[in-house]
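Quick notes on the structure that follows.
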Amino acid sequence: MNFGKRNQEETKRRAILPAIILAALCGFLLWRGNNYFIIPLFLCLYFLAGIAIHPALLKPADALARRVSNALLWLATRLVLILIYYLIITPIALWFRLRGRDRLRLKFPSGEASFWRRRPPEEQEPKLEKQY
């Protein structure tokens with residue numbers, strides 16, 4: 001696979017922010033006296049080595065970040081759609097149902113045995129003469 005110069009520069013730029021965040025986390029854990037500061041330290045060094053030595057070292061981390069971001073986007077999309085459906089559309093539909101609104105004319109007309117609705121003749125004649 002060709003890992004071109006442009007992709008290398010882009011990967012370097014994307015690796016700077018995680019390196020800074022991990023360095024800050026490492027410093028915070030060290031300041032608090034936590035022994036787990038070594039984990040963010042090694043991850044920060046990994047990102048810095050990828051930036052300084054060879055950006056191809058960052059390909060696994062970049063692929064993992066893309067998968068995680070795609071999974072988060074998938075989840076966020078579903079959550080937003082669920083919220084819109086249940087918080088906006090469902091209450092409106094329930095309100096219409098409680099008020100008896102029937103815009104699709106799904107109920108039979110009063111006293112009729114079919115859905116056929118006759119229109120007055122004056123509504124039909126002009127449309128038949130000028131169709132376009």
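The values are calculated or read from the model by the stated rules, or taken from the named source; none is laboratory data. A quick note: this is a predicted structure, and the numbers were derived from the prediction, not measured. Using ideal geometry, Cβ is built from the backbone for each residue, glycine included, and neighbour counts are taken over all protein chains shown. Keep in mind that these areas ignore ligands, DNA and RNA; they rest on the heavy atoms of the full protein, side chains included. Shrake-Rupley method; radii C 1.70, N 1.55, O 1.52, S 1.80 Å.
Run down F108, F28, F47, F96 and say which single residue is out of contact with any strand residue (DSSP E or B) (no Cβ under 9 Å at 6 or more places or on another chain), hydrophobic (A, V, I, L, M, F, W, C) and modelled with pLDDT under 85. Write out each step before concluding.
Values: F28 fails: modelled with pLDDT under 85; F47 fails: modelled with pLDDT under 85; F96 fails: modelled with pLDDT under 85.
None of the other options fit; the residue is F108.
Take W116 and decide whether it is open to solvent by 100 Å² or more (accessible area, probe 1.4 Å) and modelled with pLDDT under 85. Even if it seems obvious, please write down each step before you answer.
Working: open to solvent by 100 Å² or more (accessible area, probe 1.4 Å): yes; modelled with pLDDT under 85: yes.
Here the answer is yes, as W116 does meet what is asked.
Which numbered condition trips up R97, out of (1) among the charged types (D, E, K, R); (2) open to solvent by less than 90 Å² (accessible area, probe 1.4 Å); (3) not in a loop (DSSP other than H, G, I, E, B)?
Condition (2) is where R97 drops out.
Would you be able to say whether some residue in the range 56-76 is touching a residue at least 12 places away in the same chain (Cβ under 8 Å), assigned to a helix (DSSP H, G or I), of a type in the set (V, I, T) and open to solvent by less than 80 Å² (accessible area, probe 1.4 Å)?
Of the residues in the range 56-76, the ones touching a residue at least 12 places away in the same chain (Cβ under 8 Å) are 56, 58-59, 61-62, 65.
If we keep only those that are assigned to a helix (DSSP H, G or I) too, we end up with 56, 58-59, 61-62, 65.
Applying the additional criterion that residues be of a type in the set (V, I, T) yields none.
There is no residue in the range 56-76 that is touching a residue at least 12 places away in the same chain (Cβ under 8 Å), assigned to a helix (DSSP H, G or I), of a type in the set (V, I, T) and open to solvent by less than 80 Å² (accessible area, probe 1.4 Å).
Determine which single condition A24 fails, assuming it passes every other condition in (1) outside any helix (DSSP H, G or I); (2) open to solvent by less than 80 Å² (accessible area, probe 1.4 Å); (3) among the small types (G, A, S).
(1)
Which residue pairs have Cβ atoms under 7 Å apart, sit 6 or more places apart or on different chains, and have a first residue in the range 9-27 that is closer than 12 Å to F42 by Cα and a second that is assigned to a helix (DSSP H, G or I) and open to solvent by 70 Å² or more (accessible area, probe 1.4 Å)?
Close Cβ pairs (under 7 Å, with a partner that is assigned to a helix (DSSP H, G or I) and open to solvent by 70 Å² or more (accessible area, probe 1.4 Å)) amount to A19/L48; L22/L43.
Yes or no, residue by residue, for (1) among the polar types (S, T, N, Q); (2) at pLDDT 90 or above:
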residue	(1), (2)
N7	yes, no
T11	yes, no
R14	no, no
L57	no, no
A63	no, no
R78	no, yes
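Name the one entry in I39, I89 that is touching a helix residue (DSSP H, G or I) at 6+ places or on another chain (Cβ under 9 Å), in a helix (DSSP H, G or I) and open to solvent by 80 Å² or more (accessible area, probe 1.4 Å).
Values: I89 fails: touching a helix residue (DSSP H, G or I) at 6+ places or on another chain (Cβ under 9 Å).
Just a single option satisfies the conditions, and that option is I39.
Looking only at the range 60-111, filter to residues that are of a type in the set (K, R) and under 24 Å from the mean Cα position of the chain (by Cα); which one of those is nearest to R14 (Cα to Cα)?
Filtering first and then ranking leaves R66.
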